[in-house]
1. More than 28 Å apart: what percent of Cα pairs in the chain qualify?
2. So what is the 222 nm mean residue ellipticity for the chain from helices alone, if each DSSP H run of at least 4 adds -39500 (n - 2.57) and you divide by all residues, rounding to the nearest 500 deg cm²/dmol?
3. In the full protein assembly as shown, how much of residue 159 is accessible to a 1.4 Å probe, in Å² to the nearest 10?
4. Regarding region 54-120, what's the average projected area of the Cα-atom convex hull, expressed in nm²?
5. Using a 1.4 Å probe on the protein chains only, how many percent of the accessible area of region 119-173 belongs to carbon and sulfur?
6. Say we join alpha carbon atoms closer than 10 Å with springs in a Gaussian network model of the chain; which of 150, 30, 76 then has the biggest fluctuation?
7. Test of understanding: what is the full-extension gain from residue 55 to residue 166, defined as 0.36 nm times their sequence separation minus their Cα-Cα distance?
8. So how far apart, in nm, are the two label points at residue 147 and residue 106 if each is 7 Å from Cα heading toward Cβ?
Amino acid sequence: MAPDTAPPRRAPAGAAVLRDDVTEAIRAAVFAELAAVGYGRMSIEGIARRAGVGKAAVYRRWRSKLPLVLDVVSAVAAVGMPAPATGSLLGDIRMLLEVTARALRHPVASQIIPDLLAEASRHPEIAETLQTALRDTQRGIATAIVEAAVERGELPAGTDCDLALDLMAGPLYWRLAVLRSPLTPRYLDRLAVATAAALAASAQ
């Protein structure tokens with residue numbers, strides 16, 4: 001006679017268990033490889049070697065390097081960054097400039113971001129991911145800064161948040177990622193004052 005209940009199903013012998021520590025080691029290796037050799041020369045073999053795992057460990061998680069890079073970049077974007085809340089428009093802009101400059105000056109970011117932006121012209125998936133990782137995340141912060149300034153009466157309602165983002169992020173990217181010029185606290189102070197003035201003038 002058949003039993004009333006079926007025995008519990010067992011995982012197939014040799015089934016892969018995706019360990020979190022291995023996954024994190026692979027993610028870290030992706031950033032290191034991107035900074036060292038760029039997306040074009042990056043390989044699953046190089047990632048696995050840097051992570052100290054076999055290629056099979058990488059392929060069990062991602063089918064190729066493109067979805068791997070997209071996943072890692074998306075995960076970083078999801079973490080996000082809280083909007084500054086200093087109590088003034090000038091203070092918020094100055095703090096955002098400081099945090100953004102610190103991120104762009106990071107040795108890994110300074111190598112990865114320009115490389116991925118170049119690859120975005122050839123890979124629509126990378127372009128879409130960077131749109132979320134870079135622009136959409138930063139736009140949320142710029143919007144929060146503008147809305148807080150509007151509530152305090154420092155900016156009029158209807159101030160363009162996209163323009164605010166361009167004014168806040170554009171000069172830093174130009175100086176650090178394109179010209180690779182050094183930044184000083186004095187420069188960030190002057191840029192914050194100019195950005196706040198430009199925002200106020202643009203809304204008139």
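The values are calculated or read from the model by the stated rules, or taken from the named source; none is laboratory data. Predicted, not measured: the structure shown is a model, and the values here were computed from it. We place every Cβ from the backbone using ideal geometry, glycine too, and count neighbours over all the protein chains shown. The accessibility values were calculated without ligands, DNA or RNA, using every heavy atom of the protein model including side chains. Shrake-Rupley method; radii C 1.70, N 1.55, O 1.52, S 1.80 Å.
1. Numbers: 8829 of 20706 pairs.
The calculated P(r) of the chain puts 43 percent of pairs beyond 28 Å.
2. One gets -21000 deg cm²/dmol as the mean residue ellipticity at 222 nm.
3. Accessible area of residue 159: about 10 Å².
4. Details: hull surface 24.4 nm².
Taking the Cα atoms of region 54-120, their convex hull projects to 6.1 nm² on average.
5. Details: 1480 of 2820 Å².
On region 119-173, the fraction of accessible area on carbon and sulfur atoms equals 52 percent.
6. Most flexible of the set in this elastic network: 76.
7. Fully extending the segment from residue 55 to residue 166 adds 35.8 nm.
8. 2.6
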